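*Asks:* Encoded as structure tokens, here's the structure I'll be asking about.
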Amino acid sequence: QVQLVESGGGLVQAGGSLRLSCVASGRTLTSYTRAWFRQAPGKEREFVTAISWGGTTTYADSVKGRFTISRDNAKNTVYLQMNSLKPEDTAVYYCAASSVPLATTQRAYNYWGQGTQVTVSS
């Protein structure tokens with residue numbers, strides 16, 4: 001059984017940075033697309049960014065130039081470096097894994113973490 005566990009969330013002031021991590025266990029996900037989604041209070045969960053097994057990336061327009069996704073296949077881990085954070089980035093951030101190359105829709109993702117809270121104060 002695959003488990004994804006996120007860490008690194010917290011409270012940060014606007015303009016600050018955070019780095020999220022997501023470790024997978026139970027199965028090697030080297031060939032899977034890894035992604036981050038987020039859900040703000042009262043809103044639907046939305047796509048943030050994804051990275052293919054080969055390192056190709058895609059980002060939501062709202063985070064382009066500020067967020068960077070990366071992966072370490074040897075550690076079965078994906079990271080999300082978030083810079084220049086804004087109050088509107090406040091959300092629960094979820095990592096996910098999909099067998100569909102560079103998928104951006106939730107239904108393409110087979111595995112999900114439990115989420116980590118990111119709060120950006122103004």
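The values are calculated or read from the model by the stated rules, or taken from the named source; none is laboratory data. Quantities reported herein were computed from a predicted structural model and do not represent experimental measurements. Here Cβ is always computed from backbone atoms with ideal geometry, including for glycine, and neighbour counts include all displayed protein chains. We work out accessible area using only protein heavy atoms, side chains counted, and drop any ligands, DNA or RNA first. Shrake-Rupley method; radii C 1.70, N 1.55, O 1.52, S 1.80 Å.
*Asks:* Taking V92 and the conditions (1) among the aliphatic types (A, V, I, L, M); (2) outside any strand (DSSP E or B); (3) modelled with pLDDT of 95 or more, which numbered condition does it fall short on, given that it satisfies the others?
*Replies:* The failed condition is (2).
*Asks:* Mind listing whichever residues of the stretch 53-82 are among the small types (G, A, S) and either within 15 Å of Y111 (Cα to Cα) or not in a loop (DSSP other than H, G, I, E, B) (or both)?
*Replies:* First, the residues of the stretch 53-82 that are among the small types (G, A, S): 54-55, 60, 62, 65, 70, 74.
The answer is S70, A74.
*Asks:* Follow-up question, since we're still on this one. Among the numbered criteria (1) of a type outside the set (A, V, I, L, M, F, W, C); (2) modelled with pLDDT of 95 or more; (3) surrounded by fewer than 13 Cβ atoms within 10 Å (Cβ to Cβ), which one does G54 miss?
*Replies:* Here G54 clears every test but (2).
*Asks:* Still on this structure, please answer the following. For residues that are modelled with pLDDT of 95 or more, loosely packed, with under 14 Cβ neighbours inside 10 Å and outside any loop (DSSP other than H, G, I, E, B), tally how many sit in the stretch 22-45.
*Replies:* 0
*Asks:* Of everything in the stretch 69-101, what is farther than 16 Å from A35 by Cβ and either under 13 Å from the mean Cα position of the chain (by Cα) or surrounded by 21 or more Cβ atoms within 10 Å (Cβ to Cβ) (or both)? Give them in sequence order. Before the answer, list the steps.
*Replies:* Kept after step one, since they are farther than 16 Å from A35 by Cβ, are these residues of the stretch 69-101: 74-75, 83-90.
Listed by number, the residues that qualify are L85, D89.
*Asks:* A further question follows. State which residue pairs qualify: first residue under 23 Å from P41 (Cβ atoms) and open to solvent by less than 50 Å² (accessible area, probe 1.4 Å) and inside the stretch 102-119, second residue acidic (D, E) and in a strand (DSSP E or B) in any location, beta carbons under 6 Å apart, and separation of 6 or more residues or different chains.
*Replies:* Within 6 Å, the pairs are G113/E6; T116/E6.
*Asks:* A further question follows. With respect to T49, is the statement that it is over 23 Å from Q1 (Cβ atoms), in contact (Cβ under 8 Å) with a residue 40 or more places away in the chain, open to solvent by less than 60 Å² (accessible area, probe 1.4 Å) and assigned to a strand (DSSP E or B) true?
*Replies:* Working: over 23 Å from Q1 (Cβ atoms): yes; in contact (Cβ under 8 Å) with a residue 40 or more places away in the chain: no; open to solvent by less than 60 Å² (accessible area, probe 1.4 Å): yes; assigned to a strand (DSSP E or B): yes.
It is false that T49 is over 23 Å from Q1 (Cβ atoms), in contact (Cβ under 8 Å) with a residue 40 or more places away in the chain, open to solvent by less than 60 Å² (accessible area, probe 1.4 Å) and assigned to a strand (DSSP E or B).
*Asks:* Could I ask something else about it? Kindly indicate whether L11 is in a strand (DSSP E or B), modelled with pLDDT of 95 or more and surrounded by fewer than 13 Cβ atoms within 10 Å (Cβ to Cβ). Break it down stepwise before answering.
*Replies:* Numbers: in a strand (DSSP E or B): yes; modelled with pLDDT of 95 or more: yes; surrounded by fewer than 13 Cβ atoms within 10 Å (Cβ to Cβ): yes.
Answer is yes for this residue.
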